Every structure is written in structure tokens, then in C-alpha cells.
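The structure appears below as C-alpha cells.
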Amino acid sequence: MPSPHRAGASRRALAAALTLAAAPLPAIAAEAPEIDTVIVVGQGDQPITVQPRGLSVSLGETEFRAVNAINVEDLMKYAPNFFVRKRFAGDDNAVVALRGANTVQSARTLVLVDGFVVSNFLGNRFDFPPKWNVVGPAEVRQFDIVYGPYSARYGGNSMGGVISVTTRAPERNEVYGQAQVMVMPFKEYGFDETFRGYSAEAGLAWKPENSPFSLRAGFRHFENTGQSMTYNLLTAATGTGTAVTGAFVDPRLATPVFGAASPVHVLQDQFRLRAGWEMENGWKLEAMGFAWLTDQDLTDTRTFLKDAAGSPVWQGRVAFGGKTWNAIGLTQSLTRRTEYLGGIRAGGDALGWEVSGHLSRYWIASQDGRTSRDMAMGLVNGTGTQTKAREPGWWTGDLTLERQFGDHAVALGADASLYETRSETFNTSAWKTASNPVFSASTWGKTTTLGVFVEDEISLPGDYRLTAGLRYDAWRAHDGGIGKQVAGRRVDDDYPDRTDSAVSPKLSFQGPMAAGWDVQISLGTATRFPTVGELFQGRIDDVTQQIDPQSFDPDLKPETSFDASLILRRSFGDVRVTSSVFLQDVQDAIFSFQGLNAYGQVVSSYKNVDRVRQFGVELIAEARDIGFEGLDIDANLSWMDARTLRNVAAPAAEGEMFPRIPEWRSNGSVRYRISDATRASLGWRYATRPNSDLFGLSRGDAYGFQSEYFTLDGRVTVALGENAELGIGIDNLLNDKAYVSHPLPQRTFVIDMKGRW
């Protein structure tokens, strides 16, 4: 068996070879006419739905056909300098990483579905991802991605970028359906088994001729079992213990692996309804509703330990390899959650202005998580905990007015949001049934943001465009507090309210250069205010029965970035090349780490990192009918240097690469039209190994670390008549074993069939 170092070198060599083989071909594209008014990678027949300032990518049916799309976020996986932390099929913690926004900085990306916000800005962590699952893959018409905060239309949460998902509008009477099966053989430590799943999606559209009304409705059922997300390691102990066998000694890990959390069994149901009304005066009104129901069952927990009689050992003090250890940490859990999105939007002409607006509400109507105290209690339905959410969610609204005044295209508008959360934890006597709940702890809080903006896009001689924008945001954190059971009674305490504001200027210039090149230069600043989860994270002191001032940072500042982008684009026959150079300098970046609080004590919490800077280069190419007819190649390669420049609270981090951000990334796909009915594709994703912590001390290629990865994905589709298509694919063809602390999926086989009538 090759060593981990050798395997990593092989992956790097193969990834480099693929990238060079594709040169000068790097990104994502569709067969589309050249559109000179904006610089967009992969622009198809549909116009981009977000403001394309900075690097902008638009994906449509051409790209989607080449993807084994098990979940909706898969449709973006070959985008430039892009990664989604998807740990298994059906993972609802799939955080986006654009450029140097890493996979635990979820609040740095604004995600919209048909203009409605689905970003979960209740926290800034791996478990606050966008709510992708309100939409199924078959419903998506277009994915648009803008990197960086270069338009005044979007608030500070666009610091990393903006992602817009556009679903299919009801254009005619039709019905559609899709069925899919996925199979993943998985082998690691004590696992050598095959996990399976499936999905079924169907819907209809209704749009009668000469009628102002339209309707589209859909449903998706999804079920899958993903691999275990957590391996449990033995911890050193003294004394004597039960003699056991079965633990796995991995030289990459500090101690032996003795067990694993249950493989994740996921059930999801999605419902969607979209109704429209076109008025005679040209105004359009639409109402949308999404529902998402999910169950996660983690009751198939594994231990690899056996005693002398061959019986499983779940926990306790054990003797293995001549040493004494504690085997702890195995539990069982069940989670059920019901979530809704409801929204209305309108657009039309008023007094010569083009007006558009959205109003939406996303809320978690019920969330019930139940966990055993330990494995012994799990097996007998003993004591445990129950966590219930009290309808957390958010309200968002926006209004935009646009008008042309000669050479000036003026846009102005306002937007507002309210994010609120409340959850409670109870101790229970029987964890599965949540019997006899006794209050243990609670947390709650709200943040409110109001923003206004103005932008002016000026047409200059020679097809040049200059866009200047200014944004003002006012922020408030309020009604926050925590509760705890102290000495047999509930004690609550409130956090002080906070307010802040920011002004963010933007500037972008675009136009043709000599020798057929197009150029875009963009500058901007953005301020991201803290989320509820970053602010209200302390604890109550048992003695004072008030919030412990050492348990949180009462002076946590918003993070503010200065961004710059230079883009060059040119077509060389059938190849279009786009290059991008970018810089982001962030003051007071918010990150969870150990540092000194205001009292000079070392604590682990969300704190400000004084200055983090990233800069990088991206090379993107789109080739059509390259070499011979029917062969299309999209490829991209990026290099980044993201470092902590100043960190007064923890100076040891200064000069180190910022966590979870690789130096190199390459994504892309090769697509070949074998015939009118048959298409084949090969996609790849590659990234070098990043640091796993802020101080550059944690690096590895095993469970618990952020590893490098290199995956090849293959797919073949065959048209079955005019209305149906069969797809057969393999994700992670070479069975690369990679980790985002958790193990990523191994080789996965996917078969799907879809049709529209």
C-alpha cells in the first residue's frame, strides 16, 4: 500500500496533468452568443440574475447535464475557486467556500432562491449553511455566482460572494418527473459495507394561453444512509481495564480508533408551490411557498471493541496494546425538523421607474433533537437530553427602483432583515421518548439590519462603463439572553443591546482594450455584522447567577473588508479565456479560537482577528468544439495566499495561512456529444491541503484534519425519445479518501431517469 505522502503526491501530479492537458482551457460555460455588456463566465441564453461586478459565473442546462446532481448544491461543484462542504448525500450542513471564505464562515455568503434569502445568518459556523433543500435539482433553471462584494445592492454578508438560484418558471402546461438511485461502497476502520439511497421528484406546470395566471408545483422525497461522520478515539487512562481487541492503530492519529457514530440515515420531503399573475399594465405578482421536512436517525452506533468472550464493548476503561484507555463518547440521537419559506414578489413600471420588491419569511416551525447521555443509556432508552427550537428564522424584504437617464442607469433601494432564534435544552429520563423533561438551558436573541443603497452605471464613449455605488447599513442586536438551571430553579439573564452602522462605497470600471481584450476593475468595501450565534454565546455563572463576562466577548466588532478585483477576458477562436486577480483585506475578522479576553484570561470563543489578508489569481477557460465537433472543455485553476497578518489576542497565529483555505484549487469538466442522443462527461475537483487551525499546528491527511482532495466524476446520458433521459454516473471514480475533519464520500454510483411531457 502506498504511503499517505506518496498517495498525496500522486494526486497532485494527476491533478496538475489534468489541468495542463486542459490548458489553455480553464471554468464553466454554456453554448451562448458573445455578450459584451458584462463579463460573465459560462453565460448562457438566460441573463445573469445578480449584478456581475467582480468574477461572475452563470450555470445552466449545459453544465447541469454533466453533473451527478444528488442534491441541489451539486450543480455548482465545478465552478471556479469554489467548494461546498458536502459530507454525504443529503447533508444539511453544506457550507459554501468561495475563494478564501472557508467552510466555517457561513455568514460570508448571501444565497438567494428566486430572490428570497435562504442564508442562515443565525450563526457563522459549519452548522449554519444555506437552506439548499427547499429546492430539488430538477427544479433549477440557473445558478449564478458573484465573487466578492462589489455591488452596493447587497449587504455585508456578500463579503465572500452572492449565489442566486433561479427555479423554472411555469412557461407551458407540462408534467415532469425524476427518479434517482445512489450506491456507495465504503471501507475505513471497522466499516466495510455499502450505503444506499434514492430520490423521487415530480411536479407540474400550468399556464393556459391568454390567461394571466400561472402555477407550478413540485414534490421531492429523498432517503439515504451516509457514512459515519465521527470516529471515536481512545483516550489515555491509568489503572486497569477490560482487555479488548478490535481498535485500529492509525499512525496518522494520536490514539487508536475504537468506534464510530452511527451512519446517518436521512429522510427528506420537499414541497414547492409557485403562483403568478400578470396584470394588463405589465406588473407581475408571484407568490411562492416551500416546505422542507427532515428526519435524521443516528441509532446505528458502532464499536469495534470486543472483550475476550467476543461481546461488544461500548464504553468504559479498557486495556489495549499494553496500555489502559478510556472508551467514551459514543451516543445515539434522533432529529426531526420542519421548515417553511413563504414569500411574495412584484415587479413593474411606476412613473417611469422599473420597480421590484421581495418580502419573505423563513422559519423552522419545529425542531426536536434527542440524544442519549452515553451509549449505555442509548441502548436501554435511558437518560438523555432534548433540544427544542422555538420557531427560529428570519424576515427579509427589499425594494429596488431603476431608471435610465441618458447615459446614466440609476438604481436605488432599501432592504431589511430580522433574524431571531430561541432554543431550549431539557434533561430527560428516557431519551427516545423525551420523558419527564427538566429544563437545563436556553438561549435566545435577535439581530436587525436596515440598508439603503444607490448605484449609477454610466455609459462612456468607446463602450466603457463606470459604476459607482454607495451603501449604508444600520445594525442592531437586541433581546438576547441565556437561561440555566441553577440550584433547582431557572435563572435567566439578558445581554445588553448593541447598535452599529457602516458606509460601504463601491466602484467598477469595464470596457474593451487593445487586441480584443475586455477588462473590468472593481473596488469595494463590506461590513459584516456579528450574528446571533457569535454574540450570545456565553454562560451563566453558578455563583453570581448572571452571565459570566469572561465567557463571551462583549466588544465583538463587525468584520470589515477592502476588496479589489481585476478581470481580463478574450476569445481565441473556440476558446474564451478569463483571468482574475483579487485582493481582500479584512479588519477584525470574526473567528472562534483561544485568546485573551478583556480580563486578560485565555478563553475559547468568537473573537476578532485584527487583520487577515488574502490575494490570489484565477485562470478560467471555456472551449467549444475544441479539436473536433462535440468536445467542450471548461477548466479553472486558482492560487491563493490567505494569511493572518495581525492577531493581538493570539500572536502565534501571525504569518500563518488562515485555516481551511487551500493554496491551490482546480475544478472543471470535459463534455463530449457522442451523438444527438448520447453525451459523456468527466469532471474533476482538486485542492491542496490547508491548515486545520489558526496557528498552523494542525495539518494532516486523516480524520480530524482538513485534507487535500482530488476527485474525478464521470457521467453518461442517453436520450430516450424526445422527452426522457437516462443518466449513469460515478462520483469519486478513483475512490480518493479525503476529509473536512469528517470523512468525505468515497466512490459513489448514481443512476437517474428524468422526463418532461
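We did not get these values from a lab; they are worked out from the coordinates using the rules stated. Computed from a prediction, not measured in an experiment: that's the story for all the values here. Ideal geometry is used to build each Cβ from the backbone, glycine not excepted, and the neighbour counts take in all protein chains shown.
Legend: ranking of residues TYR176, TYR231 from fewest to most surrounding C-beta atoms inside 10 Å; resulting order TYR176, TYR231.
Of the trypsin sites (Lys or Arg not before Pro) found in region 132-200, those that fall in a DSSP loop while having at most 11 other beta-carbon atoms within 10 Å are ARG172.
If you take the Cα centroid of region 403-439 and the Cα centroid of region 159-220, the two points sit 25 Å apart. Within straight-line reach of LYS388, meaning a Cα separation under 21 Å, sit the following lysines at least 8 residues removed in sequence or on another chain: LYS131, LYS432, LYS446, LYS484. Just so you know, the averaged projected area of the alpha carbon convex hull for region 99-226 sits at 11.0 nm². Beta bridges assigned by DSSP with both partners in the chain are antiparallel in approximately 95 percent of cases. Each semi-axis of the equivalent ellipsoid for region 469-517 is √(5λ) with λ an eigenvalue of the Cα gyration tensor; in descending order they amount to 52, 14, 5 Å.
Once Rh is set to the Kirkwood radius over Cα pairs, what Stokes-Einstein translational diffusion coefficient, in µm²/s, holds for region 433-564 at a temperature of 4 °C and a viscosity of 1.567 mPa s?
Translational diffusion coefficient: 69 µm²/s.
If the segment from VAL410 to ASP349 were pulled out straight at 0.36 nm per residue, it would be longer than the present Cα-Cα gap by 20.5 nm.
When only alpha carbons are used to place a centre, region 521-584 and region 469-502 end up 20 Å from one another.
Based on the Kirkwood radius over alpha-carbon pairs, what value in µm²/s does the Stokes-Einstein equation return for the translational diffusion coefficient of region 478-628 at 37 °C and 0.692 mPa s?
The Stokes-Einstein estimate is 168 µm²/s.
How far is helix 4-22 tilted, in degrees, relative to the longest principal axis of the Cα atoms in the chain, given as a value from 0 to 90 rounded to the nearest 10? Result, in degrees: 10. Is the shape of region 67-126 rounded, prolate or oblate, going by the alpha carbon gyration tensor and its root eigenvalues a ≥ b ≥ c, with a/c under 1.5 for rounded and a/b larger than b/c for prolate? Rounded, because the longest to shortest axis ratio a/c is under 1.5. Only one item in (1) 1.16; (2) 0.96; (3) 1.22 matches Rg/Rh (Cα atoms, Kirkwood Rh) derived from the coordinates shown, and that item is (2). Placing dummy labels 7 Å off each Cα toward the beta-carbon, the span from ARG673 to GLU193 is 4.6 nm. With the helix formula -39500 (n - 2.57) applied to DSSP H stretches of n ≥ 4, the chain reaches a computed 222 nm mean residue ellipticity of -1000 deg cm²/dmol.
Please identify every one of the GluC sites (Glu not before Pro) in region 138-200 that sits in a loop by DSSP and has no more than 12 other beta carbons within 10 Å of its own beta carbon. Walk me through the intermediate numbers first.
Working: sites: GLU139, GLU171, GLU174, GLU188, GLU193; in loops: GLU171.
Those that pass, being in a loop and sparsely packed, are GLU171.
Here the gap between LEU273 and ASP368, fully extended at 0.36 nm per residue and compared with their Cα-Cα distance, gives a gain of 31.6 nm. For a modelled paramagnetic label at SER592, 7 Å from Cα along Cα-to-Cβ, the residues of region 104-123 in reach, with backbone nitrogen under 13 Å, are 104-107, 123.
In the frame of its principal axes, region 628-723 has Cα extents of 65, 27, 22 Å, reported largest first.
Would you mind getting the Kirkwood hydrodynamic radius of region 204-263 from its Cα pairs, rounded to one decimal in Å?
17.1
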